[in-house]
Amino acid sequence: MQKKRVLANWKANLSPEKARQWCDAFAGAYRPRTDLEVVVAVPFLVLERVAEWIRPLAGVSLASQGVSSYPQGNYTGAIPAAWLRGLAHYTLLGHRERRRYFHETVQEVARQAYESLAEDLHPIVCIDRELLVPQTAAMAADELERLTWAYTPDTPATFEMARSEADIAAILPQIAKKTGNRPVLYGGGVTVENGPQLWRISGLSGIMLGQGCLDGAAFAALVNRL
């Protein structure tokens, strides 16, 4: 049986100094679980350092907060997937903020997934209801079999407030049908307070926190009680 995942997406909130403080606080409170994997998505700048800090922690993996759509080569400012191999386990792709503020397209996200898979990285692809059909259509059939998905509704309310359990549960069969029953996380207004309730939604493979994960000790306490 596949482990459920709880993902902490730091976004661009924690400086390198605060990244170390987060890791220390998390490590001090975290209790490893055999049925759960913690995934920490951190900026490229601190990826190597965080990898060293969390290496002693069982059940914790790293994700990059994106990856280049292109391989190694003449692409100034890019982070190719090949550089992440052996460092991160996951790539977090297509986050609504990447699509909204950096104008990443369905095709770009599909190429990022392709590059990730080519380097034995495991993409977690974010979608909302409107992106479900075009994003899955942009993936090759063999790629769909290897992806994890994250349902991240793109409406103003969900930046601070989670969708209802009924709303989340209602879309899971639609996602399953389009993705071949691949794992699905939920992200959008998830906090340390509502996390346990959302965690229990039938058919959900885990949860993803943004603002709700920025206190390392509080996030560890959430993990411990899921």
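The values are calculated or read from the model by the stated rules, or taken from the named source; none is laboratory data. Quantities reported herein were computed from a predicted structural model and do not represent experimental measurements. So basically every Cβ, Gly included, is an ideal-geometry build from the backbone, and we count neighbours across all protein chains shown.
Whenever a residue of segment 46-67 is of a type in the set (S, T, N, Q), its partners that are assigned to a helix (DSSP H, G or I), lying with C-beta atoms within less than 6 angstrom and at least six residues away or across chains, give the pairs Ser64/Leu84.
Among the residues of this structure, Val46 does not count as one that is in a helix (DSSP H, G or I), on the phi < 0 side of the Ramachandran plot and surrounded by 21 or more Cβ atoms within 10 Å (Cβ to Cβ).
For every residue, the table says whether it meets (1) at pLDDT below 95; (2) among the hydrophobic types (A, V, I, L, M, F, W, C); (3) out of contact with any Cys (no Cβ under 7 Å at 6 or more places or on another chain).
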{"position": "Gln2", "(1), (2), (3)": "yes, no, yes"}
{"position": "Lys11", "(1), (2), (3)": "no, no, yes"}
{"position": "Trp22", "(1), (2), (3)": "no, yes, yes"}
{"position": "Val42", "(1), (2), (3)": "no, yes, yes"}
{"position": "Ser61", "(1), (2), (3)": "no, no, yes"}
{"position": "Pro71", "(1), (2), (3)": "no, no, yes"}
{"position": "Asn74", "(1), (2), (3)": "no, no, yes"}
{"position": "Gly86", "(1), (2), (3)": "yes, no, yes"}
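Within segment 189-226, restricting attention to residues that are out of contact with any strand residue (DSSP E or B) (no Cβ under 8 Å at 6 or more places or on another chain) and of a type in the set (Gly, Ala, Ser), the residue that is nearest to Ala170 (Cα to Cα) is Ser202.
Any idea how many residues of segment 8-52 are acidic (Asp, Glu) and touching a Ser or Thr at 6+ places or on another chain (Cβ under 8 Å)?
Keep residues of segment 8-52 that are acidic (Asp, Glu), which gives 17, 24, 35, 37, 48, 52.
With the extra rule that they be touching a Ser or Thr at 6+ places or on another chain (Cβ under 8 Å), the set shrinks to 37.
Qualifying residue count, segment 8-52: 1.
Between Glu160, Glu143, the distinction of being more than 17 Å from the chain's Cα centre (by Cα), under 26 Å from Val38 (Cβ atoms) and modelled with pLDDT of 95 or more belongs to Glu143 only. For Gly59, indicate whether it is under 27 Å from Trp22 (Cα atoms) and either surrounded by fewer than 21 Cβ atoms within 10 Å (Cβ to Cβ) or under 15 Å from the mean Cα position of the chain (by Cα) (or both). In short, yes. Being among the small types (Gly, Ala, Ser), out of contact with any Asp or Glu (no Cβ under 9 Å at 6 or more places or on another chain) and surrounded by 16 or more Cβ atoms within 10 Å (Cβ to Cβ) is true of Ala27.
What's the total number of residues in segment 68-82 that are of a type in the set (S, T, N, Q) and either on the phi > 0 side of the Ramachandran plot or under 22 Å from the mean Cα position of the chain (by Cα) (or both)? It would help to see each step written out before you state the result.
Step one: filter segment 68-82 for residues of a type in the set (S, T, N, Q), giving 68-69, 72, 74, 76.
Those left that are additionally either on the phi > 0 side of the Ramachandran plot or under 22 Å from the mean Cα position of the chain (by Cα) (or both): 68-69.
Total meeting the criteria: 2.
I'd like to check something: does segment 21-30 contain any residue that is part of a loop (DSSP other than H, G, I, E, B) and out of contact with any helix residue (DSSP H, G or I) (no Cβ under 7 Å at 6 or more places or on another chain)?
Filtering segment 21-30 down to residues part of a loop (DSSP other than H, G, I, E, B) leaves 30.
Narrowing the set further to residues that are out of contact with any helix residue (DSSP H, G or I) (no Cβ under 7 Å at 6 or more places or on another chain) leaves none.
There is no residue in segment 21-30 that is part of a loop (DSSP other than H, G, I, E, B) and out of contact with any helix residue (DSSP H, G or I) (no Cβ under 7 Å at 6 or more places or on another chain).
Among the criteria (1) free of Cβ contacts under 8 Å to residues at least 60 places away in the same chain; (2) farther than 26 Å from Val184 by Cα; (3) surrounded by fewer than 17 Cβ atoms within 10 Å (Cβ to Cβ); (4) not charged (D, E, K, R), the one Gln21 does not fulfil is (1).
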